[in-house]
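Every read-out reported here was derived from the displayed coordinates using simple, explicitly stated rules and does not represent laboratory data. Not measured: the values here are computed from a predicted model. Glycine gets a Cβ as well: all are built from the backbone with ideal geometry, and neighbour counts include every protein chain shown.
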Amino acid sequence: MDEALLEQPAILPAPEPEGTSLLTIVGFAFLTFNSAMAIYRSDRDAGAIAFVTFSYFDLLLLFYCLRLFERTEHGSRRRAQIKAAVWLLTTMLTAVFSYKVAAIMPLPVQVLVWAMAAATVLGGFYAFFLHSDTKA
């Protein structure tokens, strides 16, 4: 009986969800409502509208790419391409938010904000593309 337990995988794959969950729909509705309200309250400030619009579509693309990544076969070339797209989308979102935060901070804090953004981007690159999950 112990041998039968050893042959079973340690982690069973999660069943693929069919369709979209109610929580996902509510989350996207909340994101859409908040983005629309931010644009409405922007007093036609082109920079604020561009920031909200870019962030909204970047997040939509990011969630779409993450869903594709989860459904793509391990080790495939397409999965590597999607992983690169996910890293690029998160990098762009990090840069845009860092720009907005740094714009209202004094110089020493601006340097800290950009250093943290760089560490996040480089750490993500290392984790996604350089770090190996296999153990020697």
Counting Lys and Arg as +1 and Asp and Glu as -1 over every other residue whose Cβ sits under 15 Å from the Cβ of K100, the net charge comes to -2
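For A84 and Y40 in one chain, what is 0.36 nm times their gap in residues minus the Cα-Cα distance, to one decimal in nm?
Working: separation 44, 0.36 × 44 = 15.84 nm, distance 3.36 nm.
Result for the pair: 12.5 nm of gain on full extension.
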Label model pair T20, Y99: point-to-point distance (7 angstrom along the Cα→beta-carbon line) in nm is 2.8
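Which value, in debye to the nearest 20, gives the size of the charge dipole of the stretch 21-130 about its Cα centre, when Lys and Arg are +1 and Asp and Glu are -1 at the Cβ? Write down the numbers at each step before the final one.
Values: 9 positive and 5 negative charges, 61 e Å.
Using only the charged Cβ atoms, the result is roughly 300 debye.
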Hits in the stretch 64-105: amide N under 18 Å from the 7 Å Cα→Cβ extension of V111, namely 99, 102-105
Scalar couplings 3J(HN,Hα) for the stretch 84-97 by Karplus 6.51 cos²θ - 1.76 cosθ + 1.60 (θ = phi - 60°), nearest whole Hz, x for Gly and Pro, are 5, 5, 4, 5, 5, 5, 5, 5, 5, 5, 4, 5, 5, 5
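What does the extension gain come out to for L61 and A29, with contour length at 0.36 nm per residue minus their alpha carbon separation?
Numbers: separation 32, 0.36 × 32 = 11.52 nm, distance 1.53 nm.
Residue separation times 0.36 nm, minus the Cα-Cα distance, leaves 10.0 nm.
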